[in-house]
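Participant: Sharing a structure below in structure tokens format, with a few things to ask.
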Ligand code: SF4
């Protein structure tokens with residue numbers, strides 16, 4: 001039976017097709033909207049949404065202070081803004097945040113003894129799933145009534161989950177299906193939402209709209225970079241993941257790095273706060289160092305060379321594809337990004353759990 005979610009339900013799950021249809025009727029086209037006072041209010045809400053996605057500690061409130069339509073519009077606008085910024089990590093952070101929000105709302109619909117749920121119209125079935133939960137699951141291709149899932153879907157969904165219970169070796173697989181427990185269904189739905197929302201980014205946003213949003217995009221980029229620097233602190237080569245250590249070793253040994261190798265190393269050290277001259281110095285370890293060529297490449301990758309696009313370091317999956325994931329160690333089993341490896345190892349070193357620290361160069365403040 002086709003379910004018609006209320007505006008309130010749509011505002012809690014703004015990625016639903018019905019939510020998108022709903023706001024198309026409520027707002028003028030985006031280029032016109034951005035010129036209006038309402039556009040400024042929605043942009044402000046969208047920026048708050050992105051900043052929440054970037055914040056180390058997130059606050060998700062089930063009871064909204066804004067109109068349902070504005071909530072939905074801020075979701076769309078946030079995705080448009082990050083599409084203009086063209087940063088893969090921003091896409092990842094925002095989609096993870098939206099999926100986490102959805103998961104929280106699915107679990108707080110009816111509330112608890114101490115806190116009232118946000119959905120006073122929630123009706124639960126025998127499995128304790130509400131109608132909106134079933135509607136979302138159906139749109140995202142998950143059957144909440146079943147205890148198994150196609151293997152290909154399962155593998156894609158759990159690819160970023162590190163808990164042992166999700167590993168395929170700990171699962172019963174039969175005839176192309178993976179068995180799942182009822183209590184895991186909402187978690188898997190959360191991951192499915194993340195995968196699908198990420199797949200749709202970036203949007204193809206007309207240049208004129210990105211130009212209208214440029215000041216906002218700049219402020220987010222700046223905040224994000226500052227947050228990265230705060231997060232990563234002084235650069236420590238000892239904490240580099242094996243893949244990056246191998247690239248530096250190859251550089252020092254005079255081996256010509258492939259384009260993918262140069263790109264991965266440059267974008268990695270740039271993200272953790274190394275400035276352009278310091279990156280060029282790193283490449284100066286190579287015997288065939290060409291200062292001009294190196295500066296050109298480094299500036300291009302770090303977005304200072306006129307393209308305006310900053311590239312982020314590739315994730316482990318991409319590193320494996322280009323053959324750059326080498327010398328994996330135990331920590332590699334628990335991360336899916338070289339930056340996550342660095343963050344964890346650095347914390348371990350600070351806590352005295354690793355080898356003696358060797359500070360390279362503090363990032364510019
Ligand atoms: S698993 Fe990731 S962090 Fe570890 S070596 Fe491979 S690419 Fe680097």
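Participant: Restricting attention to region 122-139, and to residues there that are assigned to a loop (DSSP other than H, G, I, E, B) and out of contact with any strand residue (DSSP E or B) (no Cβ under 9 Å at 6 or more places or on another chain), which single residue is surrounded by the fewest Cβ atoms within 10 Å (Cβ to Cβ)?
Facilitator: 126
Participant: Checking residue 66 against (1) within 30 Å of residue 226 (Cβ to Cβ); (2) part of a helix (DSSP H, G or I): exactly one of these is not met. Which one?
Facilitator: (2)
Participant: Hey, does region 174-182 have a residue that's within 25 Å of the chain's Cα centre (by Cα) and assigned by TED's automatic domain parsing to the domain that holds residue 131?
Facilitator: no
Participant: Right, residue 99: within 16 Å of residue 185 (Cα to Cα) and surrounded by 18 or more Cβ atoms within 10 Å (Cβ to Cβ) or not?
Facilitator: yes
Participant: Let me ask you something else. Got a sec? Which of 250, 234 is more than 23 Å from the chain's Cα centre (by Cα), without any contact (Cβ under 8 Å) to a residue 12 or more places away in the chain and either within 28 Å of residue 279 (Cβ to Cβ) or outside the structural domain of residue 275 (by TED's automatic domain parsing) (or both)?
Facilitator: Within the list 250, 234, the selection yields 250.
This table checks each residue for (1) within 23 Å of residue 336 (Cα to Cα); (2) free of Cβ contacts under 8 Å to residues at least 24 places away in the same chain.
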| site | (1), (2) |
| --- | --- |
| 116 | no, yes |
| 122 | no, yes |
| 151 | yes, no |
| 160 | yes, no |
| 167 | yes, yes |
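Participant: Take residues that are modelled with pLDDT of 90 or more, within 16 Å of the ligand (Cβ to nearest atom) and crowded, with 17+ Cβ neighbours inside 10 Å and tell me which of the helices (runs of 4 or more DSSP H) falling wholly in region 248-365 contain 2 or more.
Facilitator: Ranges flagged: 259-271, 316-321, 338-350.
The values are calculated or read from the model by the stated rules, or taken from the named source; none is laboratory data. None of these values were measured; they are calculated from a predicted model. Using ideal geometry, Cβ is built from the backbone for each residue, glycine included, and neighbour counts are taken over all protein chains shown.
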